[in-house]
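Read-outs throughout are calculated quantities, based only on the coordinates presented, and are distinct from any laboratory measurement. Computed from a prediction, not measured in an experiment: that's the story for all the values here. Counting neighbours? That spans all protein chains shown, and the Cβs are built from the backbone with ideal geometry, glycine included.
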Amino acid sequence: MERTYIMIKPDGVQRNLIAPILERFLAKGYILRGLKFLTVSKSLAETHYADLSSKPFFGALVEYITSGPVVAIALEGKDVVAQGRKIIGATNPAASAPGTIRGDFCIEVGRNVIHGSDSVESAERELGLWFPEGLVDNTPVLLSQIYE
Ligand SMILES: Nc1ncnc2c1ncn2[C@@H]1O[C@H](COP(=O)(O)OP(=O)(O)OP(=O)(O)O)[C@@H](O)[C@H]1O
């Protein structure tokens with residue numbers, strides 16, 4: 001089944017949003033396949049955001065992501081990449097709908113509390129980067145109550 005990479009950014013961790021953010025994905029029914037609390041090196045941050053290296057905010061973005069520990073999360077589920085992005089909301093919280101994570105928990109684009117892969121291909125690349133050891137086998141016994 002499809003997988004995605006979600007990351008609670010340093011501001012989300014510092015603002016004690018780990019539990020409420022995780023709750024939204026797990027209550028929905030997505031399966032947890034990886035969970036890690038770690039400090040991010042500059043090189044990992046630069047590799048993760050390599051696509052944005054020419055943007056004027058790249059330096060500030062790397063500084064932000066390395067400013068404190070993050071929570072790295074691997075989730076699995078039907079259409080989890082696109083649905084996960086909906087749960088997260090628009091990149092700029094000013095445009096994120098209420099009810100989304102960014103719409104409910106943050107104000108500025110440079111402090112938008114969470115990351116979610118934007119395509120199945122980026123998800124696989126990012127999961128390889130953040131979980132090089134592989135994911136955890138985790139098949140909930142209640143799977144038939146989530147999927148028909
Ligand atoms: N104009 C900007 N000014 C400052 N930071 C920005 C700006 N645009 C994007 N960012 C930061 O860079 C991150 C990556 O930007 P991207 O365009 O990939 O958005 P995204 O895919 O919604 O976000 P993410 O990759 O974090 O899920 C954003 O989440 C935000 O933290």
Value of [θ]222 nm, deg cm²/dmol, for the chain, DSSP H segments ≥ 4, -39500 (n - 2.57) each, nearest 500: -10000 deg cm²/dmol
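Given axes a ≥ b ≥ c from the Cα gyration tensor, I'd like to know whether region 60-148 is rounded (a/c under 1.5), prolate (a/b larger than b/c) or oblate.
The shape class here is oblate.
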Gain on full stretching of the segment that runs from ALA27 to ALA94 - 0.36 nm per residue minus C-alpha separation: 21.6 nm
Additional length obtainable on full extension of the chain from ILE146 to SER43, 0.36 nm per residue less Cα span: 33.2 nm
Gyration tensor verdict on region 29-108 (Cα atoms; rounded if a/c is under 1.5, prolate if a/b is larger than b/c, oblate otherwise): oblate
Ascending count of other beta-carbon atoms within 10 Å, so fewest first, for ILE18, ILE6, ILE65: ILE18, ILE65, ILE6
Where chymotrypsin sites (Phe, Trp or Tyr not before Pro) fall in DSSP loop in region 97-148, at most 15 other Cβ within 10 Å: TYR147
Fewest-first ranking of PHE58, PHE37, PHE131, using other Cβ atoms within 10 Å as the exposure measure: PHE37, PHE58, PHE131
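Please order VAL81, VAL13 by the number of other Cβ within 10 Å, starting at the fewest.
Ordered from fewest to most neighbouring Cβ atoms within 10 Å, VAL81, VAL13 come out as VAL13, VAL81.
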Charge dipole magnitude, Cβ of K and R +1, D and E -1 - region 3-136, Cα centre, debye nearest 20: 260
Whether region 3-136 is rounded, prolate or oblate, judged on the alpha carbon gyration tensor where a/c under 1.5 counts as rounded: rounded
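Which of the trypsin sites (Lys or Arg not before Pro) across region 14-93 are loop residues per DSSP, with 16 or fewer other Cβ within 10 Å? Don't jump to the answer; show the numbers that get you there.
Working: sites: ARG15, ARG24, LYS28, ARG33, LYS36, LYS42, LYS78, ARG85, LYS86; in loops: ARG15, LYS78.
Here the trypsin sites (Lys or Arg not before Pro) that fit, given the DSSP loop and packing criteria, are ARG15, LYS78.
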